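*Asks:* One structure, pasted below without further comment.
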């Protein structure tokens with residue numbers, strides 16, 4: 001992404017979905033929205049500010065390059081090997097769920 005405005009409208013991102021610009025990707029909005037406000041308009045304003053504030057922290061090495069470093073290298077926090085995909089920043093269980101639904105193979109998650 002070039003800037004936050006582009007991220008606001010990127011269709012494959014929970015941020016855009018929360019702002020009402022992205023296509024529904026399965027974000028747990030009922031859980032996330034109350035963290036920012038009880039009113040939808042305030043949720044959008046406050047969540048965007050939260051992301052904007054995070055930009056000041058710069059890149060975090062563990063979150064750069066397609067997800068968690070352990071996902072890229074198949075390293076895990078437990079003895080079990082986790083399912084992973086470089087396009088997805090989430091747990092192995094979440095990635096496995098996407099695979100089971102065929103969402104990774106049908107192009108729902110872009111390369």
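Any read-out appearing in this document is the output of simple, stated calculations on the displayed coordinates, not a laboratory observation. No experiment lies behind these values; they were computed from the predicted model shown. All Cβ positions, glycine included, derive from the backbone under ideal geometry; neighbour counts span all protein chains shown.
*Asks:* Test of understanding: what is the full-extension gain from residue 93 to residue 38, defined as 0.36 nm times their sequence separation minus their Cα-Cα distance?
*Replies:* Full extension from residue 93 to residue 38 adds 16.8 nm.
*Asks:* Please rank 48, 39, fewest neighbouring Cβ atoms within 10 Å first, as an exposure proxy.
*Replies:* Ordered from fewest to most neighbouring Cβ atoms within 10 Å, 48, 39 come out as 39, 48.
*Asks:* Right, another one. In nm, to one decimal, how far is the modelled label at residue 103 from the one at residue 27, with both set 7 Å along Cα→Cβ?
*Replies:* Result for the modelled spin labels: 1.3 nm.
*Asks:* How high is the relative contact order of segment 4-55, in percent, with contacts defined as C-alpha pairs under 8 Å that are six or more residues apart?
*Replies:* The value is 25 percent.
*Asks:* So for 95, 55, fewest C-beta neighbours within 10 Å to most, what's the order?
*Replies:* Going from least to most buried by this count: 55, 95.
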